[in-house]
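This report refers to the structure that appears directly beneath it.
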Amino acid sequence: MIPEDLRTLSMMDWLENDLLLDIKTLEPASGDASFRRYFRIFTDEQNFIVMDAPPERENVAAFIKIANFLSQADVSVPTVFRQNLADGFLLLEDFGSTSYLQTLSLETAPALYQSALASLLKLQTNVFLRNTDLPRYDHALLTRELDIFEEWFLGELLDTTITPELWQPVKTLLIESALSQPAVFVHRDYHSRNLMVLETNSPGILDFQDAVIGPITYDAVSLLRDCYIAWPQPQIDAWLSGYYQNLTQAGLVTASLETFRRWFDLMGLQRHLKAIGIFARLDIRDQKPNYLNAIPRTLNYAVSVAAAYPELKAFGDFLEHIALPDDLS
């Protein structure tokens, strides 16, 4: 069912009267955690995806700019066929409707993750940072993200607090670890819902418009400790070790594997705390309660990492006994 709102009518006017497309069918293509909407349109010649991104809420120009960077990096991103920056509409290549999340199983995972990690390596080696003018994952941004966890999950969803004596050392540890890593192109949401299965040069990569320059382990954490699907720790260790070898061969990492794993774990804790806060915010502010389903898995990642590091034991106890109530476990 297509909503008959003013933006949909404006979008259809652009497609049919400006682009002269003879649209046979229009249907929703996917949901989104942002203010963007996606529609699939069918014509006699081919299918397209239309992005509806309100200009006052979303940065369509950033999507186009980063799509160009990634295309030049030899990874698969949707071609932008036509654009309407004033109204916030893009006509995009259709990558189909089969995401990694829909396809992953014990049988398919090895090949799919091999392709995903190969594309991630291209992102980190082929995107030349000096030419991108991307924002940095700096101290201020990392702090704001951790504050989302405190404000929206602890404060708004659970109506609880964390003492500064417990919380501030955790924030300092996670931020210092992130900033100590080599800086590369960071997609920020490189996970199974944003990777599409393609016949050639798979995966197709979506939702990259918020990319930054930041820690080298960030996207690997997004992929291997996915908020939407979990794998046994030995399998994650194997994938991570192989990826570490590729990074060292590419000259992107000179640290030991032990240091790299610590970076990965602490980066994952930072990301998962932020994600938990965002899931709570999507429920409370944006009336998108389905994202609450991802909180237990994501919290369990955080509890497991905290348990592995003595300096995080007290925080892990807090997460397990205070922030992991029965109705979310």
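Please verify whether LEU70 is surrounded by 15 or more Cβ atoms within 10 Å (Cβ to Cβ) and within 29 Å of GLN124 (Cβ to Cβ), treating the condition exactly as stated. So LEU70 fits the description; yes.
Selection within region 39-59: residues that are out of contact with any Leu (no Cβ under 8 Å at 6 or more places or on another chain) and touching a residue at least 12 places away in the same chain (Cβ under 8 Å). The member of this set that is surrounded by the most Cβ atoms within 10 Å (Cβ to Cβ) is ASP52.
So that you can scan it fast, the table gives a plain yes or no per residue for (1) under 17 Å from the mean Cα position of the chain (by Cα); (2) in the same structural domain as GLN245 (by TED's automatic domain parsing):
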position: ASN47; (1), (2): no, no
position: ASN59; (1), (2): yes, no
position: PHE63; (1), (2): yes, no
position: ASN68; (1), (2): no, no
position: ALA73; (1), (2): no, no
position: PHE81; (1), (2): no, no
position: ASP87; (1), (2): no, no
position: ALA111; (1), (2): no, yes
position: LEU121; (1), (2): yes, yes
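Can ALA62 be described as in contact (Cβ under 8 Å) with a residue 60 or more places away in the chain, in a strand (DSSP E or B), among the hydrophobic types (A, V, I, L, M, F, W, C) and within 28 Å of GLN287 (Cβ to Cβ)? In short, no.
Scanning region 284-313 for residues that are over 25 Å from PRO232 (Cα atoms) and over 18 Å from the mean Cα position of the chain (by Cα) yields ILE284, ARG285, ASP286, GLN287, PRO289. Answer yes if at least one residue in region 92-99 is in a helix (DSSP H, G or I) and either out of contact with any Pro (no Cβ under 6 Å at 6 or more places or on another chain) or β-branched (Val, Ile, Thr) (or both), and no otherwise. No, there is no match, as no residue in region 92-99 is in a helix (DSSP H, G or I) and either out of contact with any Pro (no Cβ under 6 Å at 6 or more places or on another chain) or β-branched (Val, Ile, Thr) (or both).
If I ask for residues that are more than 16 Å from SER76 (Cα to Cα) and β-branched (Val, Ile, Thr), which ones from region 187-231 would you list? Quick ask: steps written out before the conclusion?
Here is the first cut: in region 187-231, the residues more than 16 Å from SER76 (Cα to Cα) are 188, 210, 212-231.
Listed by number, the residues that qualify are VAL212, ILE213, ILE216, THR217, VAL221, ILE229.
The values are calculated or read from the model by the stated rules, or taken from the named source; none is laboratory data. Computed from a predicted structure; not experimentally measured. Note: ideal-geometry Cβ built from the backbone for every residue, glycine included; neighbour counts use all protein chains shown.
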